[in-house]
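Student: Before anything else, here's the structure in question.
Quick note: the coordinates plus some simple rules give every number you see, no bench work behind them. In this text, all values refer to a predicted model and were calculated from it rather than measured experimentally. Quick reminder, even Gly has a Cβ in these numbers, built from the backbone with ideal geometry, and neighbours come from all protein chains shown.
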Amino acid sequence: MKRKVRKQALVVTLSLSVALGLTVPDVAAYAQMADDTQPATQKAPDKERKSQWPAAASNTLNQPADLEEAPQEPQTQLSLPVTEQDKFLASLGKQAGAASQAEGSRVLVKYKEGADFSNNRIGSEAVSEAWTLPGSDLAVLQLASADVDGVISQLESDPNVLYAEPDVKVHMASVPSDPMFPEQWGLRNVGQIIDGPIKGLPGFDINALNAWDISQGSGDVTVAVLDTGIDTAHPDLQSNIWRNAGEIPNNGIDDDGDGFVDDVNGWDFYNGDGTVFDASQGDFHGTEVAGIIAASANNGIGISGVAPNVKILPLKVLGPDGSGYASDIIRAIQYAERAGARVANLSWTTDTYSKALKDAIEASPMLFTVAAGNEPKEDFSLKAPRNLDVTPVYPGSFGTGNMVTVGSVGPDGLYSYFSNYGSKSIDLAAPGIAVLSTEPSRNIGLGAQIDNGTFKAVYNVFGFESMPVAEQRQAAFDSAMQFLGVSGGGDKPSVLLVQDDMNDISYPDELEIYTGLLDKAGYTYDVETVLAAAEGPSLETLSGYDAVIWFTGFGNSSFMPKDEENVTAYLNGGGSLLLTGPGSLFRLADTPFMRDTLHLDFVRFEEPDYESWSFASGIAGTIYEGIEYNLTDKGVFSDVETNDPAITLINLEVPVNDYGKNTGTSMAAPYAAGLAALLFSQDPSQSAESVRARLKLSGKPLASLANMTSNGKMLDAFGALTDDELPGKPLPAANSALGTLDEAANPDDVYFVHLLAGDTLSLSLSGSADTDFDLYLYGPSTQTIQSSSGMAAYSESEGSSAESLNYHVPETGYYYVNVHAFGGSGTYELSTSQEEAVTHGVGVYEDDDQALTFSGDWKTSSDTGYSSGTAKKLNAEGSVSFTFTGSEVSWTGYKGPDQGIADVYIDGVKVASPSLYNKWRQLRQTLFKQAVPKGAHTLTIKWTGSQEMYSTGTTINVDGLTVADQAEAYTVKLEENNPDFSFKGSWKKQPNTVFSNGYAMASFQTGDEAVLSFTGTRAVLVSGKMIGIHPLIAVTIDDKPETEKVIDLNGDSLLKDTYQLPVFDTGELPNGKHTLRIINVTDFIAIGQLPIVIDSLIVTKATKDEANQTTTTLYEDTNAHVTFKGLWQMNFSPRNSGRSAMYSNQASSTVELAFRGSQLYVVGTKGPDRGKVDIYIDGKLATPNHVDMYSSSYQYQSRIFELKGLSDTQHTVKIVNLGVKNPKSSGTYMSFDVFQVISDQLAID
């Protein structure tokens, strides 16, 4: 499908920049980044065939596969002043609608060589101005009239003219009408201010505008979002929400028989219902993800999604704490497949490997777009990101062929500081900083008016004492009383004022506020004060008054169960109630009184750390319509919504923003999901694997992404969709490809195909009459088809479109087929056939096996220690290639003092550069081992001529190669505080966010020694490398001298101090206990020199059981799943986990949690006034001797109980205050801080 705009856009854009004195080196260097750019068409002089075109000059647009050689991107600061360039670029969108000069008012003329331009036959009355284009035989005529056709006709009759054509005017691609689109830098970056000090640089975006000229998506393509819930009523999402045509809403019947009742828009696997959006659980994250993918475009509101016409299938698998279970994910994947989804977005991670989850993903026909992950700490700040090649997270590290793992890139083109990385594990990068998207659009309810025909009531969750403006407070109070029918005029009704704020020991008495309101309105009233934790007035008392005003203050034990019963009876008898104060909801939430009497549902408590509800707006059609009230926000308000609008109306609300900005790789993955949906919309017949390849092969190469992602590229929507340039569309394997070309308007179609060394590709082309189409095959290193560079084969028949190629593939990689219109326009048919090379399956292949193809001067070396008695060695240019079928390949050889460094390639992509150096000669060493997607691959090992500092040579060797079906690998990270690690000497614990756990052990003296003990089959030491110094460590395995290796931790080659680097790998070990002995052997340590650090050890376990139980979920005291009964108070302190803890001295008060996991830790504060508690697990007493929380001093975050060996299923834990104490204690207080649960859970990242 061809884009109907001009090919000169880039030239025009850059020319304008130069003419206006703008500095555009960053844009010019990245041709495809400019907002209106597309591959430029090259036409050679004298109409040469493509094979005769000159080779293209190298540029930074398409870098070689070896990204280590890539030029460095300028390290531009995020905070830059607004310049004239910024103003100019920002104004371009406004100019799009301005009147422009009529198209075709210029004519381009091509004169024959040697012709005199001045002797043109066009009269002066038709041409107002004329000039030549330097360096060409082209002239430009500015016409005085609009008669373009007449002028061209005259010119074509001139014998000196080769041709004449309109000087086509180019236009900026259309910008959506969505008012917030200019803030979506990820779709179109013109250098705008992104967020506060963050400023974009033009062109660092996914090139959405040009992509939308090809496809904006199809309603037949569905993207499943497996996340929190999605606000399906959001005005920018509602038209693009998937609809189950086989289900009748809200009839309580499973109409389509799929096992899910009323699954109209998807399913909530977390709560087990069809709601898919729960305001009480936030559901922000899923709503944000959905908006990035498919917010509606050109609807005059909000934003635009990457694929604004596709459908979103909401599948809620994460709860309000951002976690969920693998079993629910698997069920959601199955649901999405049945619903016909083509793409599934997974913006969450887990540290724990799940084979069941991997199997479900690998077996699915869907394409999965997955977040690479960030490294948040418990306080929500960020740790240094992980290298996923060393420390995997899942599902991103599963490495299946139908998955794209996405890192984050910023608006300045730099890889994001928080994003996990990995040259093997991360596929590509997409915008992940300050990403604007949809957020739940429901406003926060702070008040309600209730009228069921029998009684009237007014309820607010803040209390009139929270209204600081006296006039507003009185007016709001009077409006409430008038609604109740108890206005102050005429006969004064009798009013009972119930003071129920006596639990507020830390807050002032609010009685004066309410008596003042009543006095000013002229009411007669009585006051009844309710003591702390006591019940209020009886039904008999209440029934003696026309109206009851009951205020609770901030007390969390106000309005007791008996009060609910009495007030319900009073109302049903025709009474009137004004209930006010935040304390009411501490007990009323989800009670029959709240739900069935007031017809209100509790949504959530305010989050004072992240929001402030400092005003309330009156809602149309209510007693407060059109009025805004100031509030004194103390961070304890609550959000409510009506469950029956016929009876209860919300009358006061806090308007929320329907849009917001978020940052993280979970925001980057949806960009890939949206682009994948566009590709499936363009061609529904594509497989997930083909779409994955298009995403990876296209893209904007950025130097900052080199070694951070496997392709070193930023997502490029236009580059993936166009078939005018690389990579193009997948080459059909069985059927012929049909297309249409035009020499002038659309001269090229491109297809890609992955071939193995030894394959044979046959191509046959035919075209319609009067066409001259040529056929070209480009190799893996090709940068563009607008050049002869990289051309591997071609067929150019003069005056005919009958072309054919038969090509034997010399190296594995992606190849590109180009059908080019040399002359004419018409249709073509491209037929293909492929003879696959013989590949080698599971087994051991010795150095003399015919399956190994050696190039270069390899010598045979003999030794009884070699696996077959011989090995091949090389000390000059050369390589060895091996084609195999399997899911794992390894290279065996020997290490020694004269060995060098090799480069290893899988399918043409460099994946490792192992060193073969060791102080002593070691035979039969595993030099390289790599898991690959199951299938056919090519392994290539190349001599580099490089060596380590202490090596005496650069030789490499091959003893044998092994192909296997990959065994499942289970890894755990052991931090520096592991009890099996011991440190001798001057080691000190150092805190820093750059370390994996926020801490590392540091050595400042030569001779310091560390012994790291572990159980497993492999270990990787994680440390750091520093610039300007050469700290050295000697590492030995299991105290065997022959395993000793001296490692230089110098970081000069990395150009910066770098942390969390793998610096030593033990290789394969027998499963069991092992030790790493590490000694600081630095020759000289200068004063002030940075230390050697031991950060962590990544250990591979033999079984899942050994690696399991490593993921911890924290259920803080503020978590909605933690329930309290009895009289509790909250303590705020930075020494508490989550900065708060709950405590109670009331006997029989309880705290309870339902959880899923295999280990449980209960954390609280011990102290001199603490009592004893009992702990129940699944209803059974687990502490027959009680737990004594007494301590002579306060000890925060103490583990008061732990339990291991639980089945990884659903459990409950309940802690009960016994009301008894140690004789030394001064009180019976029970403290609860946090539950720590270890299980196989998933979390938002």
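Student: Would you mind checking the tilt of helix 688-697 against the longest principal axis of the Cα atoms of the chain, expressed as 0 to 90 degrees and rounded to 10?
Tutor: With rounding to tens, the tilt is 70 degrees.
Student: Also, quick follow-up: Provide the FRET efficiency to the nearest 0.05 for the E877-K934 pair, computing r from the beta carbons and using R0 = 35 Å.
Tutor: Efficiency computed from Cβ-Cβ geometry: 0.60.
Student: Can you put S1149, S766 in order of Cβ neighbours within 10 angstrom, beginning with the fewest?
Tutor: In order of increasing Cβ crowding within 10 Å: S766, S1149.
Student: How many lysine pairs are close in segment 1112-1244, with Cα atoms under 19 Å apart and the two 8 or more places apart or on different chains?
Tutor: Close lysine pairs under the 19 Å cut-off: 13.
Student: I would also like to ask the following. For A356, put the label point 7 Å out on the Cα→Cβ axis and report which residues of segment 1117-1158 keep their amide N under 15 Å from it.
Tutor: Residues 1156-1158 qualify, since their backbone N sits under 15 Å from the label point.
Student: Once amide H atoms are built 1.01 Å from N in the peptide plane, which residues 5 or more positions from V221, or in another chain, come under 5 Å H to H?
Tutor: K311
Student: Can you give me the Rg/Rh ratio for segment 647-783, using Cα atoms for both radii and the Kirkwood formula for Rh?
Tutor: Reported Rg/Rh, Kirkwood definition of Rh: 1.16.
Student: Identify the residues of segment 1151-1181 with backbone N under 19 Å of a label point that sits 7 angstrom from the Cα of S1140 along the Cα-to-Cβ direction, or state none.
Tutor: 1151-1154, 1163-1165
Student: Give me the distance in nm between label points sitting 7 Å out from Cα along the Cα-to-Cβ direction at S153 and K1125, one decimal.
Tutor: 9.5
Student: Let me ask something else. At a 10 angstrom cut-off on C-beta neighbours, averaged per residue, how do the peptides 723-730, 153-160 rank from highest to lowest?
Tutor: The packing order, highest mean first, is 723-730, 153-160.
Student: Now a separate question. Applying the Karplus parametrisation 6.51 cos²θ - 1.76 cosθ + 1.60 with θ = phi - 60° to the phi angles of segment 616-621, what ³J(HN,Hα) value in whole Hz is obtained for each residue in order, glycine and proline being reported as x?
Tutor: Per residue, the Karplus-derived 3J(HN,Hα) values read 9, 10, x, 9, 4, x Hz.
Student: State which entries of K973/K1056; K661/K1056; K47/K112; K199/K316; K919/K1040 exceed 23 angstrom in Cα-Cα distance in the structure shown.
Tutor: Values: K973/K1056 25 Å; K661/K1056 31 Å; K47/K112 13 Å; K199/K316 34 Å; K919/K1040 13 Å.
Exceeds cut-off: K973/K1056; K661/K1056; K199/K316.
Student: Sticking with this structure for a sec: Under a 5 Å amide H to amide H cut-off, with H placed in plane at 1.01 Å, what residues pair with F637 once short-range neighbours are removed?
Tutor: E606
Student: Measuring from centroid to centroid over Cα atoms, what is the spacing of segment 686-732 and segment 245-285 in Å?
Tutor: Each part's Cα centre sits 36 Å from the other's.
Student: Evaluate the Kirkwood expression for the hydrodynamic radius of the chain, namely the inverse of the mean inverse distance over all pairs of different C-alpha atoms, and round to one decimal in Å.
Tutor: 34.9
Student: Distance in nm between label sites at S538 and Q472, each 7 Å beyond Cα in the beta-carbon direction?
Tutor: 4.2
Student: At 222 nm, what value in deg cm²/dmol follows for the chain if DSSP H runs of at least 4 each add -39500 (n - 2.57) and the sum is divided by all its residues, to the nearest 500?
Tutor: -3500 deg cm²/dmol
Student: Among 602-611, 782-791, how do they line up by average Cβ neighbours within 10 Å per residue, starting with the highest?
Tutor: Output ranking for 602-611, 782-791: 782-791, 602-611.
Student: I've got another one for you. Taking amide H positions as placed 1.01 Å from N in the peptide plane, with prolines and chain starts having none, which residues 5 or more places from S425, or on another chain, fall under 5 Å of its amide H?
Tutor: D389
Student: Ok, one more. So how tilted is helix 284-294 from the main axis of the chain? Cα-based, degrees 0 to 90, rounded to 10.
Tutor: 30
Student: Please work out the FRET efficiency for the pair E1009 and S612, using the Cβ-Cβ distance as r and a Förster radius of 41 Å; give the result to the nearest 0.05.
Tutor: My answer for the efficiency is 0.15.
Student: On a 0 to 90° scale, report how tilted helix 326-338 is relative to the longest principal axis of the chain, with both axes built from alpha carbons and the result rounded to the nearest 10.
Tutor: Result, in degrees: 60.
Student: I would also like to ask the following. Stick to Cα atoms and the Kirkwood definition of Rh, then tell me Rg/Rh for segment 1112-1244.
Tutor: 0.95
Student: Among Y794, V1022, Q682, flag the residue with its Cα farthest along the positive direction of the charge dipole of the chain, charges on Cβ as +1 for Lys/Arg and -1 for Asp/Glu.
Tutor: V1022
Student: Applying 1/(1 + (r/R0)^6) with R0 = 41 Å to the Cβ-Cβ distance of S800 and A363, what FRET efficiency is obtained, to the nearest 0.05?
Tutor: Approximately 0.30, to the nearest 0.05.
Student: Continuing with this model, one more query. For a quick protection proxy, order the peptides 559-569, 854-864 by their average other-Cβ count within 10 Å, most packed first.
Tutor: Listed from highest to lowest mean packing, they are 559-569, 854-864.
Student: Next question, about the same structure. In nm, to one decimal, how far is the modelled label at R49 from the one at S762, with both set 7 Å along Cα→Cβ?
Tutor: Using points 7 Å along Cα→Cβ, the separation is 2.2 nm.
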